[in-house]
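Written below as structure tokens is the structure these notes are about.
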Amino acid sequence: MTRALTQDDCQRCGACCCNRDENRAAGLTAYVEIDDPRSRLLSRDDLRKRYTTRDDAGVPHLRLDPAGRCSALEGKLGVTVRCAVYALRPRGCRLVTAGSSECLEARRQRFG
């Protein structure tokens, strides 16, 4: 029997904070959209410059580092990770649930 994944598992994993294989294959570098124009990620210069980018259409997204990880993800995948902007994370990040199909697919893509 498989046990349910928990928030503690998320703090070790971090797979959902990486650009998906199909996005990379398509050359897509925009990550999670920041859909709240009042977000502090956009209104604070320090956060905006460090963690966000805009796509070709000018829509704000979380920035990816060269390895395809969210720039707000700290730590080593599969060992210990944390989100530097957890309290400010966009709705797309808030929708990911430990053990969901999206979670499990991200884990499969990162860890096999």
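Here are some notes:
- Scope the range 8-40; condition within 23 Å of Ala98 (Cβ to Cβ) and aliphatic (A, V, I, L, M); matching residues: Ala15, Val32, Ile34
- Evaluation of Ser100 against (1) closer than 14 Å to Ala15 by Cβ; (2) in contact with a Pro (Cβ under 6 Å, 6 or more places away or on another chain); (3) not charged (D, E, K, R) (one fails), failing number: (2)
- Of residues in the range 3-52 being assigned to a loop (DSSP other than H, G, I, E, B) and among the hydrophobic types (A, V, I, L, M, F, W, C), the one surrounded by the most Cβ atoms within 10 Å (Cβ to Cβ): Ile34
- Scan of the range 53-64 for residues that are surrounded by 18 or more Cβ atoms within 10 Å (Cβ to Cβ) and charged (D, E, K, R), ordered by number: Arg63
- Hits in the range 95-108 - residues which are among the hydrophobic types (A, V, I, L, M, F, W, C) and in a loop (DSSP other than H, G, I, E, B): Leu95, Val96, Ala98
- In the range 71-86, residue most open to solvent (accessible area, probe 1.4 Å) [restricted to those that are over 17 Å from Arg40 (Cα atoms) and outside any strand (DSSP E or B)]: Val79
- Failed item in (1) over 17 Å from Arg91 (Cβ atoms); (2) touching a Leu at 6+ places or on another chain (Cβ under 6 Å); (3) at pLDDT below 95, with Thr6 passing the rest: (2)
- Check on Ala67, modelled with pLDDT under 95, more than 22 Å from Leu5 (Cβ to Cβ) and exposed (fewer than 12 other Cβ atoms within 10 Å of the Cβ): yes
- Across the range 70-94, the qualifying residues are those that are within 11 Å of the chain's Cα centre (by Cα) and farther than 19 Å from Arg48 by Cβ, and the one among them that is modelled with the highest pLDDT is Arg82.
- Number of the condition not met by Gly92 [criteria: (1) assigned to a helix (DSSP H, G or I); (2) touching a strand residue (DSSP E or B) at 6+ places or on another chain (Cβ under 8 Å); (3) over 18 Å from Gly14 (Cβ atoms)]: (3)
- Top-ranked residue of the range 87-104 - restricted to ones that are in contact (Cβ under 8 Å) with a residue 40 or more places away in the chain and within 13 Å of Arg20 (Cα to Cα), ranked as least open to solvent (accessible area, probe 1.4 Å): Cys103
The values are calculated or read from the model by the stated rules, or taken from the named source; none is laboratory data. These numbers come from a predicted model, not from an experiment. A quick note on method: Cβ atoms are made from the backbone with ideal geometry, for glycine too, and the neighbour counts reach across all protein chains shown. We work out accessible area using only protein heavy atoms, side chains counted, and drop any ligands, DNA or RNA first. Shrake-Rupley method; radii C 1.70, N 1.55, O 1.52, S 1.80 Å.
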